[in-house]
Amino acid sequence: MNWNAIAAIYRFEMARTFRTLMQSIVSPVLSTSLYFVVFGAAIGSRIDQVEGVSYGAFIVPGLIMLTVLTQSTTNASFGIYFPKFIGTVYELLSAPISFFEIVIGYVGAAATKAFMIGLIILATAHFFVDLTIAHPVWMMAFLVLTCISFALLGFIIGIWAQNFEQLQLVPLLVITPLVFLGGSFYSISMLPPVWQTITLFNPVVYLISGFRWAFFGMADVSLGWSVLAIAVFMTTCLATIGWIFRTGYRLRS
């Protein structure tokens with residue numbers, strides 16, 4: 001394992017975060033604060049509790065997931081797309097470093113950024129609502145696994161994308177709608193039976209449900225299904241990345 005190469009990629013990507021501090025960290029926190037004001041204050045005044053939990057606290061896991069999923073995907077996709085765009089990816093591919101080590105460097109940095117933002121948002125939430133985490137170890141585990149899984153997805157998107165428009169296509173038109181429709185701001189038990197069944201085909205439901213269970217001990221689907229969903233998604237992403245490097249898909253000039 002070439003740890004020096006992994007560390008070089010990781011440090012470079014993390015340095016980019018601190019060079020663009022306003023965009024990378026401050027902006028997501030401000031956006032989340034606005035969500036708390038709009039959903040927590042305006043809608044929360046009309047919805048007192050959801051399954052025994054105050055509405056302001058109930059939306060915290062969904063808000064964290066909304067930001068973590070988009071940040072993981074965006075950071076990882078841009079991290080690998082930009083070297084491909086300017087042509088330096090060929091220097092990386094010709095260096096004495098395996099594709100697995102390249103993935104660890106880029107995905108590790110993207111997951112770290114998203115994890116940091118998730119913790120910052122969690123700290124910010126305490127200024128707006130009273131929050132107690134029922135299962136802190138499970139909460140951290142779900143957060144870490146989600147950051148890694150969607151950073152892997154972002155890495156795939158960064159290789160697939162051929163322009164900046166395609167780079168933003170999946171985060172904006174796929175991931176964000178799935179999060180909003182996946183029970184971020186409501187329990188799917190509040191939906192009519194038909195829509196509850198349809199919603200269960202949304203994979204993000206299982207991530208948010210498991211994460212919310214770690215906070216409040218309540219979930220729309222069982223914990224086992226949530227863990228299985230993350231495991232299947234991560235395995236699929238790893239298999240896809242392995243295929244990309246074996247075939248050179250979108251990496252060869």
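The values are calculated or read from the model by the stated rules, or taken from the named source; none is laboratory data. Remember, it's a predicted structure, so these values are computed and weren't measured experimentally. With ligands, DNA and RNA removed, areas are computed over all heavy atoms of the protein, side chains included. Shrake-Rupley method; radii C 1.70, N 1.55, O 1.52, S 1.80 Å.
Under 20 °C and 1.002 mPa s, how fast does the chain diffuse according to Stokes-Einstein, given a Kirkwood radius computed over C-alpha pairs? Answer in µm²/s, whole number. Kindly include the intermediate steps, with their values, before the conclusion.
Numbers: Rh = 18.9 Å.
Taking Rh from Cα pairs, D becomes 114 µm²/s.
Compute the long axis of helix 3-19 from its Cα atoms, compare it with the longest principal axis of the Cα atoms of the chain, and write down the angle in degrees, 0 to 90, nearest 10.
The helix 3-19 is inclined about 60 degrees to the chain.
Accessible area per residue of the stretch 3-247 at 1.4 Å probe, in Å²? Working shown, then result.
On the way: 11480 Å² over 245 residues.
Accessible area per residue: 47 Å².
Mind checking the angle between helix 136-160 and the chain's longest principal axis? C-alpha axes, 0 to 90 degrees, to the nearest 10.
Taking Cα atoms only, the helix is inclined about 40 degrees.
If you average the C-alpha positions of the stretch 41-89 and of the stretch 120-161 separately, how far apart do those two centres end up, in angstrom?
Centre-to-centre (Cα) distance: 8 Å.
Provide His126, His135 ordered by accessible surface of protein heavy atoms (probe 1.4 Å), highest first.
Working: His126 95, His135 65 Å².
Sorted by accessible area, descending: His126, His135.
Angle between the Cα long axis of helix 203-216 and the longest principal axis of the chain, 0 to 90 degrees, nearest 10?
With both axes taken from Cα atoms, the answer is about 60 degrees.
Return a whole-number percent for the relative contact order of the chain, with Cα pairs under 8 Å and 6 or more residues apart as the contact set. Working shown, then result.
On the way: 300 pairs, mean separation 64.4, N = 253.
Relative CO of the chain lands at 25 percent.
Leaving out ligands, DNA and RNA, what percent of the accessible area of the chain is carbon and sulfur, probe 1.4 Å?
Values: 8460 of 12140 Å².
It is 70 percent, rounded to a whole number.
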